[in-house]
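Values in this text are rule-based calculations from the coordinates and carry no lab data. Because the structure is predicted, anything quoted here is derived from the model rather than measured. Neighbour counts are summed over all protein chains in view; Cβ atoms, including those assigned to glycine, are modelled from backbone coordinates with ideal geometry.
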Amino acid sequence: MTKYEKLYRLNLSHRAISVYLYLDDRANRERQCWPAIPTIAQDLHLSQTTVRRALHDLRSVGLVTTEQRYYPKGGKSTLLYTLEK
């Protein structure tokens, strides 16, 4: 099985595949990364709404989990994305 075979068999939209590949390219050894949605949107030439829809699609099939991160004083920071291993 190739690295992305499961991704291709899930019949996901092109936006979801693009966002997954973007996150995979930026993930560390623990399969985690934390780019901001506006950064993803700008880099992929997509709207922020499209990126959010793609993330929803990826979460719904279990390829990505997200966790809200916070600054020490309590304000919201970026999301932590964890990709399926």
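Tabulated values for the structure
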{"quantity": "Point-charge dipole on Cβ atoms (K/R +1, D/E -1) for the chain, about Cα centre, debye to 20", "calculated": "180 debye"}
{"quantity": "Residue-averaged [θ]222 nm for the chain, counting only DSSP H segments that reach four residues, each worth -39500 (n - 2.57)", "calculated": "-13500 deg cm²/dmol"}
{"quantity": "Cα centroid separation - segment 1-57 against segment 71-85, whole Å", "calculated": "16 Å"}
{"quantity": "FRET efficiency for E84 and Q48, using Cβ-Cβ distance with R0 set to 22 Å, rounded to 0.05", "calculated": "0.40"}
{"quantity": "Phi to ³J(HN,Hα) by Karplus 6.51 cos²θ - 1.76 cosθ + 1.60 over segment 23-32, Hz, x for Gly, Pro", "calculated": "5, 4, 5, 9, 6, 8, 4, 7, 6, 10"}
{"quantity": "All aspartates and glutamates inside 20 Å of K76 as judged from Cα atoms, apart from same-chain residues fewer than 8 positions distant", "calculated": "E67"}
{"quantity": "Built amide H within the under 5 Å cut-off of R31, gap 5+", "calculated": "none"}
